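Here is the structure we will look at, set down as structure tokens.
Here, each number is a calculation from the coordinates, and none is a lab measurement. Fair warning: this is a prediction, and the values are worked out from it, not measured in the lab. All Cβ positions, even for glycine, are placed from backbone atoms using ideal geometry, and neighbour counts span all protein chains on display.
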Amino acid sequence: MNDTPGWASPGSAPSDGQDATVPGPAAPADDTASKWSASQPPAGQWSAPSTPAAGPGNQARPAPGWGNAGPGGGPGGGWGKPPAAKPGVIPLRPLSVGEILDGAVSTMRTHWRTVLSVSLVVAVISQIGEILVQRYLIPQPAAIDPNATASEVLRQTAESTQSSLLAQAPSLIITIIGTIFVTAVLTVVISRSVLGRPVTLSEAWNEARPRLLQLLGLTLLVPLISVVLITVGILPGLLVGSAGGAVLALLGAMAAVVAIIWLMVRLSLASPTLMLERQGVLTALRRSAKLVSGSWWRIFGIQSLTVLLVMFISLVIALPFSVIAMAVDGSVLDGLLSGDAPDFGWPFLIITGIGAVIATTITYPISAGVSVLLYVDQRIRREALDLELARAAGVSGDGTPRG
């Protein structure tokens, strides 16, 4: 963000192996440490102030100023730790899993016009492309000869899969472009919501637009790395070419999948880094790896939970539309019952497409919100970004406005 110190330039952060440049506590105005009396009480002799004994008309009260629990078990007045500032959708301190998910949902609720309008437009365009591809481009699966040999069946299956993948290329391109647009705009919206600042769609677009090409490069580079790892994993087995080669290829593929999962988590914060710190693609990848270092399992767990939550929401929304679609378009159900390839007609595609649009419109902001808030949380934990954010939001550490 242009007006938010700490986003655009991380400086020499602790994760970079250098001294942090984020602001720290101010030094004392005068040298009070040298003005204490030379005569001091012995160490370890302090005790809590005594309270009057309970008796008739003299109810015992807890000693003030020692962090006693207040009503409902909360901290009472006194010397307890003050609450963290919360100018926006999250408190400015290390976040729990629930706070990250709640922050993503709160952003969608607070800025619903901007968030849902972006998600809805992209979801509709992507789904129209998907429907057209399914209706006109994806070939019908060829009938397999029951007398065909195993090699012939494998060859026919591979050819059919290749044709389907090639036919889905236009839809995949539309989806990638839409995802980049949504990610860029929602990242700006969420970064503003952390500070409690309003943002319009035009403002978010103007701020995100200069980073789109680099975000496109990042989006294409990460899957390309996965393809390379899979190829390296299965290539030795394919070169051997015997039964032992098949086992070797399977083991290599399993090892490659593990490496891809590890790498995807390490690089999962690259998109918000690129957008908010205005870094290049390779620098954003390195920054993500450093921010994730030491917290791999925590970030993996939160992202896995987010994926399961998104899948559950999508299933709950899409399932009723699928049932209605099969009831309206009986040819799909007849094809499934007979074992033949179902013929997806316009009624089925349109009704299921509506369900997919609704599900995508809701789940896009949740996924983007968790990613950005994980980035903010890691920088708070590693680089004291909460101090910068509190200063940018114009609040003190306990959330009160600065004078």
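How would segment 103-393 be classified by its alpha-carbon gyration tensor: rounded, prolate or oblate, with rounded meaning a/c under 1.5 and the a/b versus b/c comparison settling the rest?
oblate
At a 10 Å Cβ-Cβ cut-off, how would you order LEU186, LEU385, fewest neighbours first?
Ranked by crowding around the Cβ, least crowded first: LEU385, LEU186.
Taking neighbour counts of Cβ atoms within 10 Å as a proxy for exposure, in what order, fewest first, do TYR375, TYR136 appear?
The fewest-first ordering by Cβ neighbours comes to TYR136, TYR375.
Report the Cα centroid-to-centroid distance between segment 195-248 and segment 341-375 in angstrom, as an integer.
That distance is 21 Å.
Taking neighbour counts of Cβ atoms within 10 Å as a proxy for exposure, in what order, fewest first, do PHE300, PHE348, PHE321, PHE312 appear? Please report the intermediate quantities before stating the final value.
Working: PHE300 17, PHE348 25, PHE321 20, PHE312 11.
Ascending number of Cβ neighbours within 10 Å: PHE312, PHE300, PHE321, PHE348.
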